[in-house]
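Each value in this text was obtained by applying a stated rule to the coordinates, not by laboratory testing. Here the structure is a predicted model, which is why all the values come from computation and not from measurement. Here the Cβ is made from the backbone with ideal geometry for all residues, glycine too, and neighbour counts use every protein chain on show.
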Amino acid sequence: MHGGDDALRVAVELGPRSYDIQVVSNPGPGALSGFVQDSLRRGWAGRGCRRALVVTDAHLAPFVQPLTAALAAIDLDVAAITLPAGEASKCLDRAAEIYDRLVHLPADRHTLVVAFGGGVIGDLAGFTAATFARGLPLFMVPTSLLAQVDSSVGGKVGINLPGAKNLVGAFHQPIGVWIDTDSLTTLPEAEYRSGLAEVVKYGMILDPGFFDEIEAHVSQILARDPFHVRRMVARSCELKAQVVTADEFEQTGLRAVLNFGHTIGHAVEATAGYGELRHGEAVAIGMVAECRLAERLGWIGQDVTARLESLLIALGLPVTVQSTDADALIASMARDKKNRGGRIRFVLPRRVGTVELTDVPNESAIRAVLTTRSASP
Ligand SMILES: NC(=O)c1ccc[n+]([C@@H]2O[C@H](COP(=O)([O-])OP(=O)(O)OC[C@H]3O[C@@H](n4cnc5c(N)ncnc54)[C@H](O)[C@@H]3O)[C@@H](O)[C@H]2O)c1
Ligand SMILES: [Zn+2]
């Protein structure tokens, strides 16, 4: 990480698809314009970009003006499209609406697609950028904590089909990511806390020092103290970028470490009925249950689980599986795409900061951790 007092820059090194993530708060005038211009020059090799389409949702539309002004300041013709907020917008119909808008701009092969919003807008706008005219330049301005620390980094874009989340998608790296952590001030508390689960995950899978740092600054993080939030977001991006760089197209298995907490988390999320639990809340529950599984394999002691559990509770996240239907949870896990040879695969901790992908040979161990209730109050 480098940059001035209130700007941190993370370089995502992917050869010709390399780009920078700029993490700022209270940026000076012209900073965003300059960063878009640099990103275009580097990521789009100076090919003439004259137009931009900003894609946003109804919750973010009131805050879009500084962004459109920054794009206009570098002589782009700026149009905007506002879609309904929520996961339901990540669908083919909304993608078609964006295509239609692009056709009528009219867009050419150098029209910049700018995603301004949470993960839903990032995935949807990114998907249309990946596919329209076989690929338009994409610039990300993530506004939710989840989008800032997770979905805007890594190049996965996509939409849902009815009943099948993220089934249609592509890898399409952005030319730049601009993260203004001040935008988090309007993010609802529950969304913010949900994003914190993924932040804790990075500490657990890759960086014990980062885990310590989160533990030591819970109150500043919950108060959304700008200095700590910026550090936390930048370090999370750096860690995710490290994994993505090692396995950009999810071929070597290295990217699987990001799934810690997600095997059980996804099952908990799906069986609760999508929308009942936020993704990060389900991941928090999943991480604790998966730690208990690691305990059963003799990989970690109870102290690691207890430490993780206390941190998540302090951050206001749930840690207990509510469903009593272990069969439904196991059936849901059995459909996980990491599985091989009929065995459910997990990414489990060896210690804080290190995880490993493994088969869990016996279902009774999984069943046991799903029915364990928290020891903490
Ligand atoms: N591509 C990836 O690698 C990746 C990784 C993780 C998650 N995802 C996807 O991300 C999506 C979830 O993202 P999300 O949690 O950001 O959901 P979201 O985009 O629905 O945002 C959550 C809510 O917060 C609102 N919001 C966002 N920023 C705001 C702000 N600054 N102020 C006020 N309100 C704000 C949104 O309008 C929405 O109502 C899922 O579809 C998931 O599949 C993708
Ligand atoms: Zn996740």
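Observations, loosely collected:
- For the chain, the longest principal axis of the Cα atoms and the long axis of helix 31-43 meet at an angle of about 90 degrees.
- Least to most buried among Glu248, Glu276, Glu290 (fewest other Cβ within 10 Å first): Glu276, Glu248, Glu290
- Taking Lys and Arg as +1 and Asp and Glu as -1, the other residues whose beta-carbon sits under 12 Å from that of Glu13 total -2.
- Computed from Cα atoms, the angle from the helix 279-296 axis to the main principal axis of the chain rounds to 40 degrees.
- Share of Cα-Cα pairs in the stretch 51-118 lying beyond 13 Å, as whole percent: 62
- Kirkwood Rh, Cα atoms: Rg over Rh of the chain: 0.97
- The listed peptides 305-313, 219-227, ordered by packing as a protection proxy, come out as 305-313, 219-227 (highest mean of other Cβ atoms within 10 Å first).
- Helix axis angle, 262-271 relative to the chain longest principal axis, alpha carbon, degrees: 90
- With both residues required to sit in the stretch 1-77, DSSP beta bridges show an antiparallel share near 90%.
- Among 100-107, 117-124, 51-58, the order from most to least packed when residues are scored by Cβ within 10 Å on average: 117-124, 51-58, 100-107
- Each Lys and Arg Cβ is given +1 and each Asp and Glu Cβ -1; about its Cα centre, the stretch 253-377 then shows a dipole of about 380 debye.
- Note on the stretch 131-191: Rg/Rh from Cα positions, Kirkwood definition for Rh, rounded to two decimals, is 1.02.
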